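Report on the following structure.
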Amino acid sequence: QVRLVESGGGLVQPGGSLRLSCAGSGSIFSLYPMGWYRQAPGKQRELVASITRGSTTNYADSVKGRFTISRDNAKNGVFLQMNSLQPEDTAVYYCQVEIFGRNYWGQGTQVTVSS
């Protein structure tokens, strides 16, 4: 059974940083692309960043230059380093993996950027 567990969210002031972690189990995650999505209140879930099995990365325009996605294949983990956080980054952040065309999601972790 595929399972993803996020951690690292919290409350941070504008300009601050957070590092999100996602631990996977139930599959060999190094074989598949993984990503981070977010959903703000009243908005649709959107892609923040993705990383292929070969560690090629892709970012939403709104986070380019501020966020960095990385993965640790030995630990079935994916990470999101978020710097220069702004109030508009406030959302629930979800870890995602696509396995044979099916998306799996974690439970989400809340990130709140506020002074």
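Only one of the listed residues (Val63, Val78) is open to solvent by less than 60 Å² (accessible area, probe 1.4 Å), of a type in the set (A, V, I, L, M) and not in a strand (DSSP E or B). That residue is Val63.
For region 7-51, the set of residues classified as closer than 14 Å to Pro87 by Cα, at pLDDT 95 or above, more than 15 Å from the chain's Cα centre (by Cα) and part of a loop (DSSP other than H, G, I, E, B) consists of Gln13, Pro14, Gly15, Gly16, listed by residue number.
Across region 62-99, the number of residues qualifying as over 13 Å from Phe29 (Cβ atoms) and more than 15 Å from the chain's Cα centre (by Cα) comes to 5. The sole residue among Ser25, Ser21, Ser30 that is open to solvent by less than 40 Å² (accessible area, probe 1.4 Å), of a type in the set (Ser, Thr, Tyr) and touching a strand residue (DSSP E or B) at 6+ places or on another chain (Cβ under 7 Å) is Ser21. Can you confirm whether Ser55 is within 22 Å of Gly10 (Cα to Cα) and either in a strand (DSSP E or B) or over 11 Å from the mean Cα position of the chain (by Cα) (or both)? No, not satisfied.
The values are calculated or read from the model by the stated rules, or taken from the named source; none is laboratory data. Note that this is a predicted model, so its numbers are computed, not measured. Quick reminder, even Gly has a Cβ in these numbers, built from the backbone with ideal geometry, and neighbours come from all protein chains shown. All accessible areas refer to the heavy atoms of the entire protein, side chains included, with ligands and DNA or RNA removed. Shrake-Rupley method; radii C 1.70, N 1.55, O 1.52, S 1.80 Å.
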